[in-house]
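Visitor: Questions regarding the structure given below will be posed in turn.
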């Protein structure tokens, strides 16, 4: 598995655990407050899961900017460039 697909696999696991997603979820369509289960509480759980999964600390501006799965990929790449 290459680094980019490893990053997305780990990120999808964090999303699945935090948002209780079903198998077969189309991750690229997930959006904060629009996708079922992704409310403000789940968002904090998701941030914590991502930080734990990647051993990173996400700053507040990036936490607020994480409004979709594609944006989450972009943000994690910023903090874990060795996985891109």
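The numbers here are math on the coordinates, done by the rules we state, and not lab data. Predicted model, so just to flag it, every value in this text is computed and none were measured. As a convention, Cβ positions derive from the backbone with ideal geometry for all residues, glycine included, and neighbour counts pool all protein chains shown.
Visitor: Using just the Cα positions, wrap region 20-64 in a convex hull and report its mean projected area in square nanometres, one decimal place.
Guide: 3.6
Visitor: Arranged by the count of other C-beta atoms within 10 angstrom, fewest first, what order do 31, 8 take?
Guide: In increasing order of surrounding Cβ atoms, one gets 31, 8.
Visitor: Please give the contour-minus-distance gain from residue 74 to residue 6: 0.36 nm per residue of separation, less the Cα-Cα distance, rounded to one decimal in nm.
Guide: Extending this stretch completely gives an extra 23.1 nm.
Visitor: Would you indicate which of (1) 0.99; (2) 2.27; (3) 1.72 is the value of Cα Rg over 2.2 N^0.38 Å derived from the coordinates of this structure?
Guide: The value computed from this structure is option (1).
Visitor: Using helices alone, what [θ] at 222 nm do you get for the chain, with -39,500 (n - 2.57) per DSSP H run of 4 or more residues, divided over all residues and rounded to the nearest 500?
Guide: When only DSSP H runs of four or more count, the value is -18000 deg cm²/dmol.
Visitor: Show me the ranking of peptides 43-54, 58-69, 15-26 by mean Cβ neighbours inside 10 Å, starting with the highest.
Guide: 43-54, 58-69, 15-26
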